[in-house]
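Have a look at the structure below, then the notes.
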Amino acid sequence: MKSIIICLCIAFAASVSFADQKDALALELVDLTGVIEVSLSSPVKKFDETMAKFRPRFTPDQYSEYKSRVASMVEKIKNDPEVKNEIAQIYKSHFTEEELQELVTLFRTPVWKKYKETHTVMSEEMISVVKKEVESKFRDEIVPFVDPIFKATKEN
């Protein structure tokens, strides 16, 4: 009976250790990928674009204070343990412990660090290329199709 209890205790301790390892890997992945920073950039940028319309209403000091508060908010979100844990849970739900370990190993490499540093700039450049192409194709292929439709319905 004692040996069964000892085996169960060892098995339980091992399972807790494995769970802790998966948690630790997922949390490390959150930091290594910079996923919070990347996820913040779009909504903060959109909010800033909206607020730019109201900039004339701000004094220079008020606008400086606004920018400071936004930066502070971003830092709070980036360092919020609850946010990190929620994102880590997403990683854990999609990857096994072994896969998480492989990802952590990959994201520790110098090439990943370089990618992470240049990703935002590269993304903006890539979006610009695609946007320009969409606008060109829309103008050349879609407008000639819809223009007569609009003109016909306007006349009626």
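The single condition among (1) of a type outside the set (S, T, N, Q); (2) modelled with pLDDT under 90; (3) surrounded by 14 or more Cβ atoms within 10 Å (Cβ to Cβ) that Phe47 does not meet is (3). Counting only helices (runs of 4 or more DSSP H) that fall entirely inside segment 64-155 and contain at least 3 residues that are of a type in the set (Gly, Ala, Ser), the qualifying elements are 110-137. The residue of segment 103-140 that is nearest to Glu37 (Cα to Cα), among those that are of a type in the set (Ser, Thr, Tyr) and within 17 Å of the chain's Cα centre (by Cα), is Thr120.
The values are calculated or read from the model by the stated rules, or taken from the named source; none is laboratory data. The shown structure was predicted, so the numbers you read here are calculated from the model rather than taken from an experiment. Virtual Cβ from ideal backbone geometry, glycine too; neighbours counted across all protein chains shown.
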